[in-house]
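The values are calculated or read from the model by the stated rules, or taken from the named source; none is laboratory data. The shown structure was predicted, so the numbers you read here are calculated from the model rather than taken from an experiment. Positions of Cβ are backbone-derived with ideal geometry, glycine not excepted, and every protein chain shown enters the neighbour counts. Just the protein is used for accessible areas: all its heavy atoms, side chains included, with ligands, DNA and RNA removed. Shrake-Rupley method; radii C 1.70, N 1.55, O 1.52, S 1.80 Å.
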Amino acid sequence: MSTSQNSPYPELPDDTLLEIFHHFLGQPDDDIQDSDTRIPVTLSHVCSNWRCLTLASPLLWTNIFLTSFPNPDILRQYLTRSRDALLRINIAPPVISNMALLAQTLSRQSHRFVSFHLRGIDGDTLIEVLSFFTSPAPQLRSLHIHPGSTEVSLDTVFGDQMPLLSDMEITADYSNMLARRNLTRLSICAEFVKADELVNLLCGCPTLESLHLWDLSHPDAAFRRLERIPVIPLKCLRELSVYESCLEDMAILPYLSFPKTTIVRLHYFRPSEPVTVLRDCASLREIASDVTMATLELWVDLPHTFVALRSPQLEIEVYGYNGDLEEYEFFGFFSFFAMPFPALSHLTIRNLDCLHILPEDQWCRMFQVIPTITHLEVCAKDATTLAVLHVIKMGSPDADRVLCPELTHLVLSGGIGEGQVICEEMLSCCLARAAVGAPIISCEIVLAAGQEISTPILARLNEVGVHVKVTATQSVRT
């Protein structure tokens, strides 16, 4: 290719420049922004050579953020310069006075749409804009529609003629949930879908790789009322996310069948009972059975409660709102463990931000159901660290055996402020466990700046066979 001396980079061939220009287009799955639409105009004003290059490259004119255009004439210029290239469309605020006219102009090119994303448009404007997009979109791969507060039906969008659709995000009424055999990604607010329609949709998507469900709003009875619910095979699923306002909304989980390699994220609020719905999902139990390393995060600042269990393949989060200490268990602090984790050996407890400490009996119940722990890290404030040490020392009050009998490695990494008190409790814990044949053989302690462990305590720990490593932080972690 030729080069031009008036270019800022005359040493670069034109084909190299075009390749650089195309990198400005972003990733295919990204939402188009106003800046993306303005890129070709900006490039075309640098020099005459760049202008010729941009005008000759249809791909640079395919990012259409609708409200970037002050009038339909400029939009038509983009559509002309893009020639027959496939178009990526984003319709989002701000709402402008001629949005409907722009939508009407754009709708004539629906046969070239490869992605169509609409979000945050409300009221009569939303209804009028969507009314133009009823013609088939035979090239459409990605459809995202997230209206504002306006309830709107999407049954007529593109005449439901989207044979290549592979990525769909919907948070609106879409009752015509046809099976789409090419669909690989589905994100849907199922509040607008009946239970049987959701089941039929999932059964008809054998190639689904990513599934995100929001606000199912179907209590368990809604699924039980169906005469027969088949097991829904999702053999290609790589990612599953469920975000729900309450536990009962997860009633569809036991009917899903997916590979052990699926990454699962579950988020819900205010569980009112143990998580039997999770335990009843055979695929989820299989994934839990392979979890070897996990982090338990706990944040309690009344009246808010947040608990999360995180591992590379499984993540469960619970949020709650209540002011009664007695009702922590109501929020499912132990409901994660309604599922067995038979291989869990490495557990990290993070509790740095807690202003209130959970009762020891609840710590006991947690450790009772994860007896396979060999490595335990406590990254927490001093009070939580003391509570955990006391529990693994004393054991369960209703059993005559020590908790976590296989525990051999202990790390206290919260930046301990009361070093002497913590280390005395740790010594007591190690002595008690050694006496019953469940010794801790190594312990790492991270002290706050200015704290230290007395020599007699270190000597006593060494006497009972505990290898101790002590490090210091610059300040107590917050």
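Some notes on this structure:
- Sorting 445-454, 426-435, 69-78 by their mean Cβ neighbour count within 10 Å, with the most densely packed peptide first, gives 426-435, 445-454, 69-78.
- In segment 77-167, the portion of solvent-accessible area held by carbon and sulfur atoms comes to 51 percent [1.4 Å probe, whole percent, DNA, RNA and ligands not counted].
- √(5λ) per eigenvalue of the Cα gyration tensor, segment 57-132, largest first, Å: 20, 12, 11
- Per residue, the solvent-accessible area of segment 22-158 (1.4 Å probe, heavy atoms of protein chains only, all protein chains present) comes to 44 Å².
- Shape of segment 76-185, Cα gyration tensor, a/c cut at 1.5: oblate
- Long pairs among 260/381; 393/469; 260/393, criterion Cα-Cα beyond 28 Å: 260/381; 260/393
- With all protein chains modelled, accessible area of residue 65 [1.4 Å, Å²]: 10 Å²
- Rounded accessible area of residue 299 (nearest 10 Å², 1.4 Å probe): 90 Å²
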